[in-house]
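Colleague: Structure provided below as structure tokens; questions to follow.
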Amino acid sequence: MRLAIGFLVVTGAVTALVWVFHGYGGSATRLAESADREDRLRAIDIARRKTDGASRGVLFRLSSDGDLRVAVTATWALGDLPDTTSAEMLQRILSNKGRHPRVRGEAAAALGKFKKLDPGSLIRALTDERDPQVRAGAARGMLYRRNTKTIPALVGALDDPDERVRRRVIEAIHAMCVMRFPYHPELPAKEQPDAIRKIREFFRRAGVL
């Protein structure tokens with residue numbers, strides 16, 4: 001009996017070591033190919049902890065997954081690896097009009113994690129994109145980026161027709177200054193012209209408009 005128990009303990013320990021060694025129960029590459037969504041999400045969790053090219057490739061591949069939750073999660077995870085390669089991948093996702101707007105918006109938001117990256121792509125996404133999910137993502141990226149170069153685009157988007165965008169815009173503005181403005185993102189611009197005017201005047205005086 002003791003021998004059997006000892007064998008089971010050793011077997012369990014070896015199994016646990018193998019499980020950990022192979023990346024929380026399986027390699028990211030193998031799990032990424034699974035038909036099971038939970039496996040693919042686990043692949044993302046494994047890959048986001050590593051910095052090798054294969055792991056980054058897994059995240060980029062899963063960013064185009066047919067399951068929107070998987071695609072969004074993989075896209076955001078690329079921002080956890082803040083280097084040139086990840087930034088380029090996120091730029092490719094953002095610029096690909098064939099991607100789901102929510103995924104492209106998540107790419108824009110994740111680009112905000114790259115503090116040294118020029119905010120031009122975020123500015124263009126906020127001002128030029130037709131889909132509000134992409135514009136809202138760009139505003140989120142500006143919130144994380146906190147670069148005063150984005151202020152003119154943010155102020156210009158205070159009259160965006162979509163509430164989700166307006167909400168992200170005012171959050172980004174408030175994150176970059178101590179002033180809190182009486183602006184209500186749930187209201188369209190035509191219902192609060194004075195609030196928008198005061199915000200514009202504030203930043204004109206600050207020399208950023």
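Derivation of every value follows stated rules applied to the coordinates shown; laboratory data play no part. Just so it is clear, the model here is predicted, and its values are computed rather than measured. For neighbour counting, all protein chains shown are included, and Cβ atoms are generated from backbone atoms with ideal geometry for every residue, glycine included.
Colleague: Under a GNM of the chain (C-alpha, springs under 10 Å), which listed residue has the highest mean-square fluctuation: 81, 59, 126?
Modeller: Ranking 81, 59, 126 by mean-square fluctuation puts 81 first.
Colleague: Rounded to the nearest 0.05, what FRET efficiency do residue 92 and residue 190 have when you use their Cβ-Cβ distance and R0 = 22 Å?
Modeller: On the way: r = 37 Å, r/R0 = 1.70.
After rounding to 0.05, the efficiency reads 0.05.
Colleague: Given Cβ point charges of +1 (Lys, Arg) and -1 (Asp, Glu) and nothing else, what value in debye, to the nearest 20, does the dipole of the range 19-81 about its Cα centre take?
Modeller: The calculated dipole for the range 19-81 is roughly 140 debye.
Colleague: Right, something else. What ranking, highest mean first, results for peptides 40-53, 173-186 when packing means the other Cβ atoms within 10 Å averaged over each residue?
Modeller: Sorting 40-53, 173-186 by mean packing, highest first, produces 40-53, 173-186.
Colleague: Below 24 Å, Cα to Cα, which lysines can residue 113 reach? Residues fewer than 8 away in the same chain don't count.
Modeller: 50, 97, 149
Colleague: Same structure again: How far apart, in nm, are two points set 7 Å out from the Cα along the Cα-to-Cβ line at residue 197 and at residue 163?
Modeller: A separation of 2.6 nm, rounded to one decimal place.
Colleague: For the chain, what does -39500 (n - 2.57) per DSSP helix run (n ≥ 4), summed and divided by total residues, give at 222 nm, in deg cm²/dmol to the nearest 500?
Modeller: -19500 deg cm²/dmol
Colleague: Something else: Highest GNM mean-square fluctuation, the chain, Cα pairs closer than 10 Å: which of 71, 139, 195?
Modeller: Comparing 71, 139, 195 in a Gaussian network model of the chain, the most mobile one is 195.
Colleague: Here's a follow-up. Please list, in order along the range 196-209, the HN-Hα scalar couplings obtained from phi with the Karplus expression 6.51 cos²θ - 1.76 cosθ + 1.60 (θ = phi - 60°), rounded to whole Hz, x for Gly and Pro.
Modeller: Whole-Hz 3J(HN,Hα) from phi for the range 196-209: 5, 4, 5, 5, 5, 5, 4, 6, 5, 5, 6, x, 10, 10.
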